[in-house]
1. I'd like the carbon and sulfur percentage of the solvent accessible area for segment 1-124, probe radius 1.4 Å, heavy atoms only, ligands and nucleic acids excluded.
2. Which GluC sites (Glu not before Pro) does segment 220-263 hold that lie in a coil by DSSP with at most 15 other beta carbons within 10 Å?
3. For segment 101-255, what D do you get in µm² per second when you plug the Kirkwood radius from alpha-carbon pairs into Stokes-Einstein at 4 °C and 1.567 mPa s?
4. If you take the beta carbon distance between Glu121 and Leu53 as r and set R0 to 25 Å, what does 1/(1 + (r/R0)^6) give as a FRET efficiency, to the nearest 0.05?
5. Counting Lys and Arg as +1 and Asp and Glu as -1, each charge on the Cβ, what is the dipole of segment 168-306 about the Cα centre in debye, to the nearest 20?
6. Within segment 43-164, how many Lys pairs that are eight or more residues apart, or on different chains, come under 20 Å at the alpha-carbon?
7. Show that you can apply the helix-only estimate: for the chain, add -39,500 (n - 2.57) for every DSSP H stretch of four or more residues, divide by all residues, and state [θ] at 222 nm to the nearest 500.
8. Read phi for every residue in segment 230-241 and hand back ³J(HN,Hα) as whole Hz from Karplus 6.51 cos²θ - 1.76 cosθ + 1.60, θ = phi - 60°, with x for Gly and Pro.
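The values are calculated or read from the model by the stated rules, or taken from the named source; none is laboratory data. Since this is a predicted model, take the numbers as computed values, not measurements. When we count neighbours, we look across all protein chains shown, and the Cβ atoms used for this are built from the backbone with ideal geometry, even at glycine. These accessible areas exclude ligands, DNA and RNA; they are computed on the full protein's heavy atoms, side chains included. Shrake-Rupley method; radii C 1.70, N 1.55, O 1.52, S 1.80 Å.
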Amino acid sequence: MYAIEVEDLRKTYHGGHEALRGISLKIAKGDFFALLGPNGAGKSTLIGILCSLVRKTGGRCRILGIDIDQNMPQAKSLLGIVPQEFNLNIFEPPLQILINQAGYYGVPPRVARQRAEQYLEKLGLKDKAKTPTRMLSGGMKRRLMIARALVHEPPILILDEPTAGVDVELRRLIWNFLTELNAAGKTIVLTTHYLEEAEALCRNLAIIDEGKIVLNTTKKKLLAQLAQRTYVVELARPCKKLPTIKEFPVVAVDASTLEATLQRGQDVHLLFKVLDRKQLTVHSIREKTNRLEQLFLELTGKKEFL
């Protein structure tokens, strides 16, 4: 049994726009799955169909084996949804929002309060539990939406661009929290166009473009397709003149910084070996290429990822 099964899913909006054009997808239980694609690709439409906010035109969807057409209430209870846009009651405090949300799923008040307090603490909102939500920052509201999606303890969590507009520190906090959830057995589906997010978190992924699945594979296999990688190398000592290097292209950014491009099959150890032979001591190294973004552009033929 899969966490989510989608077969030949289609959605045509009024006016004839085909948002989904026969998508088929299977997501295993316990997976951390990324659905990648530009704005307008169909990601949010797919999520809307799974949680009954959008009516599909055709196809089938199952949540842990339950067909959404046959038992939507039960299927919905298995999902926790974090949408793109804030849809919180800004006049209620976070604690009450979470207790109310748990109540919608039949969680007893005492248990609901315990869970609410637990998630507020885990997401760094304990001291804001009784503060009106309208007074919270955007990042706090984002975390509150994640807590709200989890308070009824669903086995599947779906996040639609959960770190859009948040700063780097908060993004890392959310990443760490989601990693812990997944390690504990929760299935997580993430839609994003922050491609480094998918690379950091997910094991499997699908790329959707113009309502179709362009590729559905493991992250490891996808990254293996990359033709080249570019590394930024900080030297321990400035180099007055860059020596000739035949094994791979090297460009001097300044006297202490190089950019080296390795082709498929060339290991980063080769980079260290060649630079050492040229008496260039490496102080630090980082990968410059956004690998998933480059692959997306290659797969879709687009000039940019928006």
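1. In segment 1-124, the share of accessible area belonging to carbon and sulfur is 49 percent.
2. For GluC sites (Glu not before Pro) across segment 220-263 that sit outside H, G, I, E and B with at most 15 neighbouring Cβ atoms in 10 Å, the list reads Glu247.
3. My calculation gives 67 µm²/s for D.
4. Taking R0 as 25 Å, the efficiency between Glu121 and Leu53 is 0.25.
5. Roughly 460 debye for segment 168-306.
6. Lysine pairs satisfying the spacing and distance rule in segment 43-164 number 8.
7. -9500 deg cm²/dmol
8. 10, 10, 9, 10, 9, 7, 5, 9, x, 10, 5, 9
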